Amino acid sequence: QVQLVESGGGLVQPGGSLRLSCAASASVYSMGWYRQVPGQQRELVGAITSDGSGSASTEGRFNVSRDNAKNIVYLRMDRLKPEDTANYLCYACTVRAVVCVGSGTHWGNGTLVTVSS
């Protein structure tokens, strides 16, 4: 099993930037980020494979990168808006998929991002 630990969340003003990180305890095929507001479904933000052959992104202001040597995925968020406020959840796939939703999916506990003035 894979352990995931997120960090980097916090309170920022609208228009600001944050970089979230997620460290995996073992090598995985892909890593990425969802975000979730209480009472709502998880929303995919972005993902990347270890070799860079595949990626997924749903927000142009955000960028996903990865340090394969350290098994870390980053989420760079720029020009943040209040509607970006959510719990950001890291995931990793041990199956060969950019986005995995079932078997082979591992989840972190999340890091909270609050965008407010």
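Brief remarks on what is shown
- For the stretch 29-34, putting each phi into the Karplus relation 6.51 cos²θ - 1.76 cosθ + 1.60 with θ = phi - 60° gives couplings of 6, 8, 9, x, 9, 10 Hz, in residue order, rounded to whole numbers and with x for Gly and Pro.
- Between the stretch 57-85 and the stretch 20-43, the Cα center-to-center distance that results, in Å: 10
- Considering only Ala24, Ala86, Ala69, the mean-square fluctuation computed in a Gaussian network model of the chain, springs between alpha carbons under 10 angstrom, is largest for Ala69.
- Springs between Cα atoms under 10 Å define the GNM used for the chain, and in it the highest mean-square fluctuation of Ser27, Ser103, Ser65 occurs at Ser103.
- P(r) tail fraction, the chain - alpha-carbon pairs more than 22 Å apart, %: 25
- Between Gly46, Gly16, Gly32, the residue with the greatest mean-square fluctuation in the GNM of the chain (Cα pairs under 10 Å linked by springs) is Gly16.
- Modelled FRET efficiency - R0 30 Å, Arg19 with Gln41, Cβ distances, 0.05 increments: 0.75
- Per-residue ³J(HN,Hα) for the stretch 43-57, Karplus 6.51 cos²θ - 1.76 cosθ + 1.60, θ = phi - 60°, Hz, x for Gly and Pro: 10, 5, 9, x, 7, 8, 8, 5, 9, x, 6, x, 7, 9, 8
- Expressed as a whole percent, the accessible area of the chain that falls on carbon and sulfur atoms is 45 (1.4 Å probe).
- Computed from the C-beta positions of Ser65 and Gln1, the FRET efficiency with R₀ = 30 Å rounds to 0.75.
- The chain - accessible surface per residue (Å², probe 1.4 Å): 52
- Interchain or long-range residues, amide H under 5 Å from Ser25's placed H: Gln3
The values are calculated or read from the model by the stated rules, or taken from the named source; none is laboratory data. For clarity, every value in this text was computed on a predicted model and none was experimentally measured. Cβ coordinates were reconstructed from backbone atoms using ideal geometry, including for glycine residues, and neighbour counts include every protein chain displayed. What goes into the accessible areas is simple: the full protein's heavy atoms, side chains included, and nothing from ligands, DNA or RNA. Shrake-Rupley method; radii C 1.70, N 1.55, O 1.52, S 1.80 Å.
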